[in-house]
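These notes are about the structure you will find just below.
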Amino acid sequence: MDVEDVQGDLSSVLLTREQIQAKLAELARRIEADYAGERVLLVGVLKGAVMVMADLIRELRLVDVEMDWMAVSSYGAGTQSSGVVRILKDLDTDLSGRHVLIVEDIIDSGLTLSWLLGNLGSRGAASVKVCALLRKPDAAKVHVAVTYLGFDIPNEFVVGYGLDFAERYRNLTSIGVLAPHVYA
Ligand code: PRP
């Protein structure tokens, strides 16, 4: 669905579908150059990263690319990160000797990724890097090294393109700021 379908629920549109796709193409060119001749495993973090993964992997002109998924829980039903990370679904792939690229929709406090980097890094991977579409610098509680970053955004509650509020708005093609009346 598009912005017109949820207009009253957004206080502003942050990134259009076109801006997102252009940025993913830009990141894909860098990833292709960096992983040329290598076999790379993209690890998506459910559920938010589904859209980023789907568009990024199709944009990549690399033959030796695989995809796997993890589900971790770091948030309750509210809008703030609790910092508690739990594995809900683990990878199917053995990471020994693999080049791993974690694909995320958003880095908020950084706690999820910081924990994931430690966890995946301890499984014998040859390398573990991060690609994230969005980052909120003002919400950071821990520093996370991000090799491929789409956009730094303000510390507001954003939805769309995989990002939800109470499981809604993931199917919005753009990314917008949720109007306070929706979650107040
Ligand atoms: C979001 C997002 C990241 C995490 C980032 O997932 O996809 O995984 O929060 O937050 P942090 O930097 O503060 O740790 P969420 O737990 O909302 O699950 P979802 O992807 O299923 O919506």
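The values are calculated or read from the model by the stated rules, or taken from the named source; none is laboratory data. Please read these numbers as outputs of a predicted model, since none were measured by experiment. No Cβ is skipped: glycine too gets one built from the backbone with ideal geometry, and neighbour counts run over all protein chains shown. Note: accessible area is taken over every heavy atom of the protein model, side chains too, but ligands, DNA and RNA are not part of it. Shrake-Rupley method; radii C 1.70, N 1.55, O 1.52, S 1.80 Å.
What does the charge count around Val40 come to, taking other residues whose C-beta lies under 12 Å from its C-beta (Lys +1, Arg +1, Asp -1, Glu -1)?
Overall, the nearby charge balance is -3.
Looking at segment 81-184, send over the antiparallel percent of its DSSP beta bridges, to the nearest 5.
25
Can you pull the percent of the chain's accessible area that's carbon plus sulfur, 1.4 Å probe, other chains left in place?
Answer for the chain is 50 percent, counting heavy atoms of protein chains only.
Kirkwood hydrodynamic radius, segment 102-156, all distinct C-alpha pairs: what's the number in Å?
Kirkwood radius, segment 102-156: 11.4 Å.
Enter the accessible area per residue of the chain (Å², integer; probe 1.4 Å; all protein chains in place).
47
May I ask what percent, to the nearest 5, of DSSP beta bridges between residues of segment 11-148 are antiparallel?
If we restrict to bridges inside segment 11-148, about 15 percent are antiparallel.
Keeping all protein chains in place and using 1.4 angstrom, which order do Asp68, Asp34 fall into by accessible surface area, from largest down?
From most accessible down to least: Asp34, Asp68.
Taking the chain, how much of its Cα-Cα pair set, in percent, is spaced more than 23 angstrom apart?
Counting every Cα pair in the chain, those more than 23 Å apart make up 40 percent.
Projected onto the charge dipole of the chain (+1 at Lys/Arg Cβ, -1 at Asp/Glu Cβ, origin at the Cα centre), which of Ala126, Gln19, Tyr35 gives the Cα projection farthest towards the positive end?
Ala126
With charges only on Cβ, +1 for K and R and -1 for D and E, what is the dipole size of the chain about its Cα centre, in debye, rounded to 20?
420
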